[in-house]
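Novice: Have a look at this one.
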Amino acid sequence: MRNYDLEFLKRFSMVIALLMAITLGLIIFAAYLHTSIPPEVSPMAAKRTEQRIAPAGAVYAGSTGAAAQAAAHAAALVKAASQVAYGGTTDGKVIFDNLCTACHTNGVGNAPTLDHSHWDARIAQGKDTLYKHAVEGYTGPDGGIMPPKGGNPALTEEQIHATVDWMLANLK
């Protein structure tokens, strides 16, 4: 072989080696990108997922739906009424015996007991003030503490008024 043929083979081999190195580099780079980019979700898999998480039913409020809504509303009112304290009774004695006795018979938290010496000054302020203090709560200057609604938020204002009236009627 002649000298220029060897020179050609040498350079041709170097070009081929360089091209092979670039090809290997591109293959490695492509493999890296393939592992770092999240795979695309196939449309069929996305559709199956949508079907799995779709709501079980829909709301139709036509003529029968209106009746069902009215029945549900009535049931909700009955349930709400049953959650009123002491079954919604406005018997002040029942509420006093179940809730107020703990403080107002022993004077806990400087609560006035059921005698005129503790109540006359309070009665002078008027029933509306007594009702307000029973509903909203009160902290007196003597350190007395009355929690809102006697500590039972399920009491209605009517029940509170009935209990205050019962307490005033039964002062000794």
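All of the numbers you see were taken from the coordinates with simple rules; none came from a lab. These figures come from a predicted structure and were not determined experimentally. We place every Cβ from the backbone using ideal geometry, glycine too, and count neighbours over all the protein chains shown.
Novice: Nearest 10 degrees, 0 to 90: what angle lies between the long axis of helix 127-136 and the longest principal axis of the chain (Cα atoms)?
Specialist: 30 degrees
Novice: Starting with the fewest neighbours, write out 104, 161 ranked by other beta-carbon atoms found within 10 Å of each beta-carbon. Mind dumping the intermediate values first?
Specialist: Working: 104 20, 161 17.
Ordered by Cβ neighbours within 10 Å, fewest first: 161, 104.
Novice: Add -39500 (n - 2.57) for each DSSP H run of 4 or more in the chain, then divide by its residues: what number comes out at 222 nm, to the nearest 500 deg cm²/dmol?
Specialist: The helix contribution divided over the chain gives -19500 deg cm²/dmol.
Novice: Here is a further query. Candidates (1) 45; (2) 67; (3) 51; which is the computed percent of Cα pairs over 23 Å apart?
Specialist: Given (1) 45; (2) 67; (3) 51, the calculated one carries the label (2).
Novice: Among 102, 170, 3, which residue has its Cα positioned farthest towards the positive end of the charge dipole of the chain, with +1 placed on the Cβ of Lys and Arg, -1 on the Cβ of Asp and Glu, and the dipole taken about the Cα centre?
Specialist: In the chain, that residue is 3.
Novice: Could you run the Karplus curve 6.51 cos²θ - 1.76 cosθ + 1.60 with θ = phi - 60° over segment 5-12 and give me ³J(HN,Hα) per residue in whole Hz, x for Gly and Pro?
Specialist: So the J values, rounded to whole Hz, are 5, 5, 5, 4, 4, 5, 5, 4.
Novice: Roughly what would the spin-label model give for residue 158 and residue 67, points 7 Å off Cα along C-beta, in nm?
Specialist: 3.1 nm
Novice: Using 0.36 nm times the number of residues separating residue 56 and residue 118, minus their current alpha carbon distance, what extension gain do you get?
Specialist: 16.1 nm is the gain from fully extending residue 56 to residue 118.
Novice: Treating only the Cα positions of segment 85-169 as identical point scatterers, give the base-10 log of I(q)/I(0) from the Debye formula at each q in 0.12, 0.13 Å⁻¹.
Specialist: Debye output, listed in q order: -0.30, -0.35.
Novice: Additional query: Amide H to amide H, which residues 5 or more places from residue 138 or on other chains are under 5 Å from it, using H placed in the peptide plane?
Specialist: Amide H neighbours of residue 138, under 5 Å, 5+ apart: 146.
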